[in-house]
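Enquirer: To start, I am sharing the structure in question, which I have written as structure tokens.
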Amino acid sequence: MIYIQSNIEKTRPHHFDVASAMFGAIEIGQDYRLISFEEVQSGKFNTLVKNNLFVGSVEFMKEVFSKIGKENVRVPKNSNREHKVMTLGDAKEIAKSGQSIFIKPFDIKLFTGFILDQMVHTSISDVPDDTNVMVYDVFSSKIKSEFRCYIHNNRVVDVRNYSGDLFCCPNEEYLKGIIDINKDFPISYTIDIGVLENGDNVVIEYNDMWAIGNYGIPNELYLRLLRDRYFEIVK
């Protein structure tokens, strides 16, 4: 059985990504059931977590994993670039000094990573200054295009453009080299590759499959990637 997050009335999937998983289940003839976040919170599904696939938002999945004592489930590293962990307040002080930096929340998906500079950024207006963030140097050249690469069993199974020039694609050999050094990574995860204006390829970030949406890959494949990573975690 696949338990898919719904709205509180249980009349529809919670959002597009879980709907993709639901249609993937329909395509392969897999039974599924819509359940609400509040039902998971209540504990009524606790005994089912280890033997059944649950699919939902990051908040929903964190609640599911917590039922079996799994906290802070993530890939071994966020990027192949060096970074520092500090508070958001400290990062703002760096930006105020005139140095632009790239920040990403340490807590998965708290907000979307971005370049922090002296501008006002509404995306973090409600985020407390004591929140831990990962801080990176900005790239040497502007990003021309960005692609999400879906990895399964150490091979690329799909690649989708999500920003910039659709035809400015990642270098295959560069991507293969990145995968080859990530042998300790989960069975399924994603690599976001940026192609810079100077032609360089860079890793923007890695993401654990359980916390990643469907950027256009087939529904059945999306469900399979979620399923394999889920059972790797709960088993």
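The values are calculated or read from the model by the stated rules, or taken from the named source; none is laboratory data. None of these values were measured; they are calculated from a predicted model. Accessible surface is based on the protein model in full, side chains and every heavy atom, while ligands, DNA and RNA are left aside. Shrake-Rupley method; radii C 1.70, N 1.55, O 1.52, S 1.80 Å.
Enquirer: Give me the distance between the Cα centres of the stretch 174-216 and the stretch 13-63, rounded to whole Å.
Expert: Centre-to-centre distance over Cα atoms comes out at 26 Å.
Enquirer: Quick one: how many Å² of GLU71 are accessible to a 1.4 Å probe, rounded to 10?
Expert: 130 Å²
Enquirer: A further question on this structure: Counting only protein heavy atoms, what percent of the accessible surface of the chain is carbon or sulfur at a 1.4 Å probe? Numbers along the way, then the final one.
Expert: Details: 5820 of 11890 Å².
Taking all protein chains in place, the chain shows 49 percent carbon and sulfur surface.
Enquirer: Could I ask something else about it? How much length is gained if the chain between GLU71 and LYS183 is pulled fully straight, taking 0.36 nm per residue apart and subtracting their Cα-Cα distance, in nm to one decimal? Before the final figure, lay out each step's value.
Expert: Working: separation 112, 0.36 × 112 = 40.32 nm, distance 2.23 nm.
Result for the pair: 38.1 nm of gain on full extension.
Enquirer: Of LYS62/LYS142; LYS77/LYS142; LYS44/LYS77, which sit over 26 Å apart, Cα to Cα?
Expert: Numbers: LYS62/LYS142 34 Å; LYS77/LYS142 23 Å; LYS44/LYS77 34 Å.
Result: LYS62/LYS142; LYS44/LYS77 exceed 26 Å.
Enquirer: Ok, one more. Students sometimes get this wrong: rank HIS152, HIS15, HIS121 by accessible area, probe 1.4 Å, all chains present, largest first. Provide the component values of the computation, followed by the final result.
Expert: Working: HIS152 15, HIS15 65, HIS121 45 Å².
In descending accessible area the options line up as HIS15, HIS121, HIS152.
Enquirer: Separate question: Accessible area per residue of the chain at 1.4 Å probe, in Å²? Let's see the in-between values first.
Expert: On the way: 11890 Å² over 235 residues.
Result: 51 Å² of accessible area for each residue.
Enquirer: Under the rule of -39500 (n - 2.57) per DSSP H run of 4 or more residues, summed and divided by the residues of the chain, what mean residue ellipticity at 222 nm is obtained, to the nearest 500 deg cm²/dmol? Don't skip to the end; give the middle numbers.
Expert: Values: 6 runs with 62 residues, N = 235.
Per the formula, -8000 deg cm²/dmol.
Enquirer: Something else: Report the dimensions of the chain along its three principal axes from the alpha-carbon atoms, largest first, rounded to Å.
Expert: Sorted from largest, the Cα extents of the chain read 52, 41, 31 Å.
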